[in-house]
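Contents: one structure, followed by commentary.
Values quoted throughout were computed directly from the atomic coordinates according to the rules given, and no laboratory measurement underlies them. Keep in mind that what you see is a predicted model, and the values were worked out from it rather than measured. Glycine also receives a Cβ, built like all others from the backbone with ideal geometry; neighbour counts cover every protein chain displayed.
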């Protein structure tokens, strides 16, 4: 006899680690059923058919083994958009929406500034979100990982913004003559190596997209060395950082740049999350 949906949820919720809880189980079972979570909760007395039971067992085995839910689903929401993801890219996080919000607001206030770079694009969430909200922006999206770029290109096509984003595989910026970038965004690996190895996500999300070196700022240090020659007059840089790096990131930016106004912004949890660097004419 096959279990009801409610019985199945109860059984597997008890197997999950505390941090996953009941919501993840509901979302995953709804995904397997190809129904909404609202539908699932309204039909908990319905039986789980044999074919669906087999699919659910496979999916829940992955979840109970520690695989992140978004990778099992194959997609995750960010900035009101549903992005497809694979284990080759980081899972989109709400903290990054602060960067996107600041970027769109600045572009909207500066209609003559339309050249944008998204460094370390990953799944393309920053580039695609900007392209969707600023239709005349021309965006360069780079990543060192060809597998990540494949995901980003797929998402650009999904939202029909592929014609406005140029994807380049490289380390930070391409090896070509300097361009006039007005807005440079970066959500680079920023977790200190030792800290990363102690986190639950270690080994579950790509290390290449997490490891920021000894102090977490290695890639930002490199980017600040090369970025200024790519930037236009009165340009803006937005860097997402790790919560504990605020003062170190500020100090680094001041050491590298003499003609800039630099500010820290907090995320909704009150943590230092975004480094804003406004460049002034030399």
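If I fit a long axis through the Cα atoms of helix 146-158 and take the longest principal axis of the Cα atoms of the chain, what angle between them do I get, 0 to 90°, rounded to 10? Tilt relative to the chain: about 80 degrees.
Kindly state, to the nearest 0.05, the FRET efficiency for residue 214 paired with residue 136, given R0 = 51 Å and r defined as their beta-carbon distance.
On the way: r = 41 Å, r/R0 = 0.80.
Result of the calculation: an efficiency of 0.80.
The alpha carbon centroids of segment 203-282 and segment 25-87 are separated by 36 Å. For the chain, what proportion of DSSP beta bridges, expressed in % and rounded to the nearest 5, is antiparallel? Within the chain, antiparallel bridges account for around 45 percent of the total. Taking the longest Cα principal axis of the chain as reference, the axis of helix 21-33 is set at about 80 degrees. Seen against the Cα atoms of the chain and their longest principal axis, helix 97-109 is set at about 50 degrees. Across segment 1-135, C-alpha contacts under 8 Å between residues 6 or more apart give a mean separation that, scaled by the residue count, equals a relative contact order of 19 percent. Considering only 207, 121, 261, the Gaussian network model of the chain with Cα springs below 10 Å gives its largest mean-square fluctuation to 261.
How compact is segment 170-251 by the rule of thumb for globular proteins, expressed as Cα Rg over 2.2 N^0.38 Å?
1.20
The Cα atoms of segment 76-279 give a gyration tensor whose axes a ≥ b ≥ c have a/c under 1.5, which makes the shape rounded. Debye-formula intensities of segment 1-141, expressed as log10 I(q)/I(0) at q = 0.13 Å⁻¹, are -0.67 (one equal scatterer per alpha-carbon, no solvent).
Residue separation times 0.36 nm, minus the C-alpha to C-alpha distance between residue 247 and residue 271: what's the value? Walk me through the intermediate numbers first.
On the way: separation 24, 0.36 × 24 = 8.64 nm, distance 1.21 nm.
That works out to 7.4 nm of additional length.
Normalised by the number of residues in the chain, the mean separation of alpha-carbon contacts (under 8 Å, six or more apart) gives a relative contact order of 13 percent.
Run the helix sum for the chain: -39,500 (n - 2.57) per DSSP H stretch of 4+ residues, divided by residue count, reported at 222 nm to the nearest 500 deg cm²/dmol. Don't skip to the answer; put the middle values down first.
Working: 11 runs with 107 residues, N = 282.
So the helix-based figure for the chain works out to -11000 deg cm²/dmol.
With contacts taken as Cα pairs under 8 Å and at least 6 residues apart, segment 5-66 reaches a relative contact order of 44 percent.
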